[in-house]
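One structure is given here, and the rest of the page talks about it.
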Amino acid sequence: MNKQIVLHPDYYQIDALLSAENKLIRNSVRDWVDRRVKPVIDDYAHRHANPEFMMREMGELGALGPFIPTKYGGAGLDQMAYGLIMQELERGDSSIRSSASVQSSLVMYPIFAFGSEEQKQKFLPKLAAGEWVGSFGLTEPNHGSDPGSMESKIVDKGDYFELNGSKMWITNSPVCDLAVVWAKDEAGKVRGLVVERGMDGFTTPEIHQKWSLRASATGELVFDNVKIPKENILPNIKGLKGPMMCLNSARYGIAWGVIGAAEDCYATALQYSVERKQFNKAIASFQLTQKKLAEMLTEITKAQLLIWRLGTLRNENTATPAQISMAKRNNVNMALQIARESRQVLGAMGISGDFPIMRHMMNLESVITYEGTHDIHMLITGLDITGIAAFKG
Ligand code: TGC
Ligand code: FAD
């Protein structure tokens, strides 16, 4: 078996469709993940600890806000490059991809797209360098799939806005230097604001005891009469459309990322199956094992083609939110099914921490829920087909 074909399956020669620049950035992130993530990630996951050093190193690689123009510290790369970076990070672990996609799509993107020139200059270069860590507060304790019903509020106090409320299940919150937060103004319009660590009344308690994304810090954002200077409001957006546009970017990145996790599981199962003998034969020689492997490769290949096409549409700025939902839903589910099948190929060894499969599987249980659940994305497709929003009462 050719090691590269096992580790990085490319059955339909999609590599030939990528630019030299795309392959260069992909290969440098792949190399970094092999050197800096894979050797330590199990230890961090076992200890439920966040590998904080990685943010700076991802900044050095150009993996944070890669699509942000260079004048703001980004790498000025295209959407295909962004996706490939997410794929390589998630081959290492979904936690690392989560940190990077929140920073890129949910923090840097809204500041770039909706922020003032001063906000862009103040925040983007330090976020791109990984010097500052950002988080994104949309979900609340009582409002997950239905963010439009959020209760967090800002009240105009003349010189400043007063923010009250809380956000729940927030990636990076315990370690963030700033948070892009969505709250309603007195007119009931959703507004975006940048809340900075150190502001009085702003706290970020951690959520402990997760069985998933254990190498990522998740927590709350709590606002108790926080005074938000007016210059911290994102001036160029009003309405739920603002956070949803950020989600389009993040969901697109996730649809790429999970292919990395799926490939890591598939490669592990394939290698194990040729080495493990039962009934005096490699288990890879049994038809039922081959069925599993053949189906995994087929599903990975279909997911790669789907996301490559979506990447070209994103580069042309013509991808619709519903197309992104379809890719997020399909590819995450594909990766989760492959993690489950791969685990079975390894028998008891599949549950062992000596292999990455169970870690990927547990991570993917979050990925199938966050950024819109599997079912919500199906209903978004249903709405696109029929014109009827089945999620509304
Ligand atoms: P609805 O009435 O349909 O829409 C309200 C306004 O928003 C616009 N809109 C979008 N705009 C751009 N892109 C999209 N994808 C959009 N979806 C909706 C819409 O056009 C409308 O605009 P306007 O101008 O007419 O006001 O909204 P709804 O209240 O019925 O809700 C439907 C919706 C789409 C919000 C819901 O189906 C949904 O997607 N829920 C899922 C919530 C979600 O994904 N939360 C994610 C939180 S962040 C997170 O999970 C980060 S994890 C990060 C990590 O660690 O990687
Ligand atoms: P609910 O909305 O309560 O849904 C529960 C179940 O009901 C789901 O199966 C759902 O599909 C179903 N359901 C809900 N409404 C309908 C409907 N109309 N029709 C049919 N079924 C329905 N959020 C952030 O804002 N920022 C973050 O950084 C962030 N990071 C996260 C990190 C992790 C590890 C996790 C697990 C979550 C994170 N989230 C974040 C929150 C995430 O986006 C929400 O968990 C997700 O949107 C679902 O909301 P919920 O958990 O409240 O589930």
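Structural remarks
- Of all residues in segment 384-393, none satisfies being assigned to a helix (DSSP H, G or I) and within 19 Å of Ala267 (Cβ to Cβ).
- Residues within segment 118-131 that are open to solvent by 10 Å² or more (accessible area, probe 1.4 Å) and either touching a Pro at 6+ places or on another chain (Cβ under 7 Å) or closer than 16 Å to Thr70 by Cβ (or both), tallied: 5
- Segment 107-141, subset away from ligand 1 (no atom under 16 Å from the Cβ) and of a type in the set (D, E, K, R), residue nearest to Arg97 (Cα to Cα): Glu131
- Residue match in segment 204-213 (condition: under 21 Å from Pro147 (Cα atoms), buried (at least 24 other Cβ atoms within 10 Å of the Cβ) and among the aliphatic types (A, V, I, L, M)): no
- In this structure, Pro39 does not satisfy being at pLDDT 95 or above and open to solvent by less than 50 Å² (accessible area, probe 1.4 Å).
- Residue within segment 220-237 that is in a strand (DSSP E or B), open to solvent by less than 10 Å² (accessible area, probe 1.4 Å) and within 16 Å of ligand 2 (Cβ to nearest atom) present: yes
- Within segment 86-117, the only residue that satisfies the criterion of being acidic (Asp, Glu) and open to solvent by 10 Å² or more (accessible area, probe 1.4 Å) is Glu117.
- Answer from Gly253, Gly192, Gly198 - the residue that is under 24 Å from Phe114 (Cα atoms), outside the structural domain of Leu7 (by TED's automatic domain parsing) and free of Cβ contacts under 8 Å to residues at least 12 places away in the same chain: Gly198
- Some residue of segment 359-381 being of a type in the set (Val, Ile, Thr), more than 14 Å from ligand 1 (Cβ to nearest atom) and either under 29 Å from Pro243 (Cα atoms) or open to solvent by 50 Å² or more (accessible area, probe 1.4 Å) (or both): no
- Exactly one residue out of Ile338, Ile324 is touching a residue at least 40 places away in the same chain (Cβ under 8 Å), open to solvent by less than 10 Å² (accessible area, probe 1.4 Å), touching a Cys at 6+ places or on another chain (Cβ under 7 Å) and not in a loop (DSSP other than H, G, I, E, B), and it is Ile338.
- Looking at segment 128-181, the strands (runs of 3 or more DSSP E) lying wholly inside it that each contain 3 or more residues that are in contact (Cβ under 8 Å) with a residue 40 or more places away in the chain, more than 9 Å from ligand 2 (Cβ to nearest atom) and not aliphatic (A, V, I, L, M) sit at 160-171.
- Among the criteria (1) on the phi < 0 side of the Ramachandran plot; (2) within 11 Å of ligand 1 (Cβ to nearest atom); (3) open to solvent by 30 Å² or more (accessible area, probe 1.4 Å), the one Trp169 does not fulfil is (1).
- Top-ranked residue of segment 117-127 - restricted to ones that are touching a residue at least 60 places away in the same chain (Cβ under 8 Å) and closer than 23 Å to Ala217 by Cβ, ranked as nearest to ligand 2 (Cβ to nearest atom): Leu127
- For segment 201-219, the set of residues classified as closer than 20 Å to Met55 by Cα and not in a loop (DSSP other than H, G, I, E, B) consists of Glu206, Thr218, Gly219, listed by residue number.
- Test result for Cys246, within 16 Å of ligand 2 (Cβ to nearest atom) and open to solvent by less than 20 Å² (accessible area, probe 1.4 Å): yes
- Just one of (1) on the phi < 0 side of the Ramachandran plot; (2) of a type outside the set (A, V, I, L, M, F, W, C); (3) not in a loop (DSSP other than H, G, I, E, B) fails for Thr318. It is (3).
The values are calculated or read from the model by the stated rules, or taken from the named source; none is laboratory data. As the structure is a computational prediction, the values presented were derived from the model and not from experiment. Because the Cβ atoms are built from the backbone with ideal geometry, glycine has one as well, and the counts that use them run over all protein chains shown. Accessible surface is based on the protein model in full, side chains and every heavy atom, while ligands, DNA and RNA are left aside. Shrake-Rupley method; radii C 1.70, N 1.55, O 1.52, S 1.80 Å.
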